[in-house]
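The block underneath contains the structure these notes are about, expressed in structure tokens.
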Amino acid sequence: MIRLRPPRPATIVLGKAARALTRLRGGSGSAFPGLVVERLDPSFLAGVLAQLPRGVVVVSGTNGKTTTTKMVVELLRGQGLRVFTNRSGSNFTRGVVASMLGEIGPTGRLNADIAVLELDEAHAVHFVRAVNPQYSLLLNVMRDQLDRFGEIDTTAGLLRTIAEHTTEGVVLNREDSRVAAIADSLSTQQVKYFGLAPELRSHFPSDDELHGAGSGVVSQQPEADVLLTGLGTQQGTFRMGAEEISSELTVNGAYNIYNAAAALALVRLVLGDDTDRGALLASLRRASPAFGRGESLTVGGQPVDLVLVKNPSGFRLGLSSFPAEGVATMIAINDNYADGRDMSWLWDVGFESLAHKGVAMVSGVRTYDMALRLSYDGVSIAAHEPDLGKALDDFLAAHPDVPKRIFCTYTAMLALRKRLGTYTEVEAFN
Amino acid sequence: MTVPVPSEPTASDQQIRVLQLYPRDMNIYGDYGNALVLMRRIQWYGFTPVMLSYNPGDEFPEDVDMLIGGGGQDSGQDRIQQDLLGIGDRLRGLAEQDTPMLMICGLYQLFGHFFETRDGSRISGVGVLDVETYGTDNRLIGNVVSESADFGQIIGYENHSGQTYLGPTAEPLAQVVVGEGNNQRDPHEGARYRNVLGSYLHGALLPKNPAIADFLIGTAVRQKFEQELPAFEAPQSAPVSLQTLTEHAREAAAARPR
Ligand SMILES: [Zn+2]
């Protein structure tokens, strides 16, 4: 066991200098300052985090962790806690270190009570070996783009490793069989669940059910600490312990509302009897989605919704969460590494729900893979243009008077947000 | 997701019955795309597609005109392996009768003689194809471009750690131009015996390689109805034809980095 000590002042000074230098050169990257610090002091991260009075919370899973992390942070801040959190980035530990350098004092103290970290499955093992989180929230294991990890069961194993290294308590998604099964390897930790009322399960088709594997017969399930029992447009009903509450929500879409149930379960586990119920409900109403996850911008007086799609489940949930009626739809598919290079996943999404209105524009590097996918589902396409900027201009110009929705992969979204910045104010990302 | 079968049978109501092998366990690389493309194209050639599924323990259906199968994870392959050996005679019989079949990835491997894992244990296959597969620590991942005498350029995406070698009675489906294909030693991609095709390529395979879809359909139609494929009539769903969309999709995929 390594005894953790506060970081050396020299490391902090040099790290901050590296960060300032990166910024000065116009960069927003986190790799360089993170690298500098890691070289100087490999236990920097663990040392800083070990000083937090309420410890470290990690949120992981294949879908929805960015929005869920953001909601957990907002709920905890609503409880009066000072929360340190990370923004998603390419290299997990270096990204966290870079965020820390911005907030840490010269003595190595982070001005926070608790850290809530979004942990990518790929970085999970490396991280939890260095830092044992007090709490973890494990959302789901859905098929990724298939080439990222190769196997869904491998991903489930990574989440299990996070749970096994968690010291106090673990929150699991009761409705995801691979995640719920993680409880089998936990003995000392508290285990809590969030779940869905049976009548809502049809809103959340799983990969396995899609292929006919889910028999629909639910074997004995554990009690859920937070159960989502009702879904509306920006409205959700949650059973927390014995009471049922209905709330207006800022987040939209079935999967974001289910993520709110996950966030509530985690906050209840972390705070226990200290939870201020009134404040919790107030922050629940205000909690907003992460960028690109049901994010809404306004162009020419009409809303433009960006929906990030990165795997079949996410795309299906996006389609089922937001009705196609009354909206012009664009789909933008890239195949860069961050998007997933293999296009197979598009064939595991059904697009019949778009058949009635058709799709106004298809764009991105893989415009024509997407166009074929739609054609074989009988969905008509008004226009296709691989260049994202031109496609966006044409799309906005052709549909000035209706709300618009853009389903896009990660790097397509980055490019579209940049272009949208020429039309309206777009919140900077990292 | 179910494949929609047209509610109104075509005037002739000539059915082409396609059997999906183990769709519950072997489906991981968008293999549904292959099934959907066959259903639609059978329809667009004027026949009535019927999609049948065979999962472990099911009764093997009669009157099958074509078989397709996909890839699975290790757990899926474990679940189907014993059952597959049980229908081996049936599958070999259909292959000898020249029934068209397309097996991708995991089922391609199990249509061979065996899969030898890293620790040396052998998982038996049904031996429809004269191929053997050896597990490795290398995962071969990325875009693939290959050339086939029968089907022209075949474009797809591979993701497998098993490496496959052909015996004397299997011919390679294609020669790899970009990518690895069956293994890292020879340039072969996939295998063919009579009308049975095996391949590592997905993406899914058939949407971007309609020549293979039309070979499977054309063979089934010839065998069942003793006629050639009639004219192809796909509804136009975009500013350009389905054929043009397909060509653009092939160009884009072939130009992507590995
Ligand atoms: Zn494979």
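For this structure, a couple of remarks:
- Scanning region A:162-192 for residues that are open to solvent by 30 Å² or more (accessible area, probe 1.4 Å) and of a type in the set (Ser, Thr, Tyr) yields A:167, A:177, A:185, A:187, A:188.
- Elements of type helices (runs of 4 or more DSSP H) contained in region A:251-361, each with 3 or more residues being within 13 Å of another protein chain (Cβ to nearest Cβ), touching a residue at least 60 places away in the same chain (Cβ under 8 Å) and open to solvent by less than 30 Å² (accessible area, probe 1.4 Å): A:312-321
- Verdict on residue B:138 being over 21 Å from residue B:79 (Cα atoms), within 13 Å of the ligand (Cβ to nearest atom), in contact (Cβ under 8 Å) with a residue 40 or more places away in the chain and surrounded by fewer than 21 Cβ atoms within 10 Å (Cβ to Cβ): yes
- Extreme residue, farthest from the other protein chains (Cβ to nearest Cβ), among residues of region B:9-23 that are open to solvent by less than 10 Å² (accessible area, probe 1.4 Å) and at negative phi: B:16
- Annotation: of all residues in region B:24-56 being away from the ligand (no atom under 16 Å from the Cβ) and part of a loop (DSSP other than H, G, I, E, B), the one that is most open to solvent (accessible area, probe 1.4 Å) is B:24.
- In the set (1) over 27 Å from residue B:242 (Cα atoms); (2) in the same structural domain as residue A:298 (by TED's automatic domain parsing); (3) among the charged types (D, E, K, R), residue A:393 fails one condition alone, (1).
- Residue check for residue A:371: open to solvent by less than 10 Å² (accessible area, probe 1.4 Å), in contact with a Cys (Cβ under 6 Å, 6 or more places away or on another chain) and in contact (Cβ under 8 Å) with a residue 12 or more places away in the chain: no
So that you can scan it fast, the table gives a plain yes or no per residue for (1) more than 16 Å from the ligand (Cβ to nearest atom); (2) open to solvent by 10 Å² or more (accessible area, probe 1.4 Å):
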residue: B:175; (1), (2): yes, yes
residue: B:180; (1), (2): no, yes
residue: B:186; (1), (2): yes, yes
residue: B:194; (1), (2): yes, yes
residue: B:206; (1), (2): yes, no
residue: B:218; (1), (2): yes, no
residue: B:229; (1), (2): yes, yes
residue: B:235; (1), (2): yes, yes
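- Screening B:127, B:142, B:167, B:156 for residues that are within 14 Å of another protein chain (Cβ to nearest Cβ) and out of contact with any Leu (no Cβ under 8 Å at 6 or more places or on another chain) leaves exactly one candidate, B:142.
- Candidate set from region A:59-87 (those that are without any contact (Cβ under 8 Å) to a residue 40 or more places away in the chain and assigned to a loop (DSSP other than H, G, I, E, B)); member that is most open to solvent (accessible area, probe 1.4 Å): A:82
- Within region A:147-159, residues that are within 9 Å of chain B (Cβ to nearest Cβ) and open to solvent by 50 Å² or more (accessible area, probe 1.4 Å) reach partners that are outside any helix (DSSP H, G or I) and at pLDDT 85 or above with beta carbons closer than 9 Å, at six or more positions or on different chains, in the pairs A:153/A:141.
- Checklist (1) more than 15 Å from the ligand (Cβ to nearest atom); (2) open to solvent by 50 Å² or more (accessible area, probe 1.4 Å); (3) farther than 15 Å from residue B:205 by Cβ; (4) in contact (Cβ under 8 Å) with a residue 24 or more places away in the chain applied to residue B:167, failing item: (2)
- Breaking point among (1) within 25 Å of residue A:424 (Cα to Cα); (2) at pLDDT 90 or above, for residue A:296: (2)
- Hey, residue A:242 assigned by TED's automatic domain parsing to the domain that holds residue A:191 and either touching a residue at least 60 places away in the same chain (Cβ under 8 Å) or open to solvent by less than 20 Å² (accessible area, probe 1.4 Å) (or both) or not: no
The rows are residues; the columns are (1) away from the ligand (no atom under 16 Å from the Cβ); (2) under 30 Å from residue B:226 (Cβ atoms); (3) touching a helix residue (DSSP H, G or I) at 6+ places or on another chain (Cβ under 6 Å); (4) of a type in the set (A, V, I, L, M).
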position: B:91; (1), (2), (3), (4): yes, yes, no, yes
position: B:97; (1), (2), (3), (4): yes, yes, no, no
position: B:100; (1), (2), (3), (4): yes, yes, yes, no
position: B:112; (1), (2), (3), (4): no, no, no, no
position: B:125; (1), (2), (3), (4): no, no, yes, no
position: B:151; (1), (2), (3), (4): yes, yes, yes, no
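The values are calculated or read from the model by the stated rules, or taken from the named source; none is laboratory data. Here the structure is a predicted model, which is why all the values come from computation and not from measurement. Cβ atoms come from the backbone with ideal geometry, glycine included; neighbour counts cover every protein chain shown. For the accessible areas, the whole protein counts, side chains as well, though only heavy atoms, and no ligand, DNA or RNA atoms are used. Shrake-Rupley method; radii C 1.70, N 1.55, O 1.52, S 1.80 Å.
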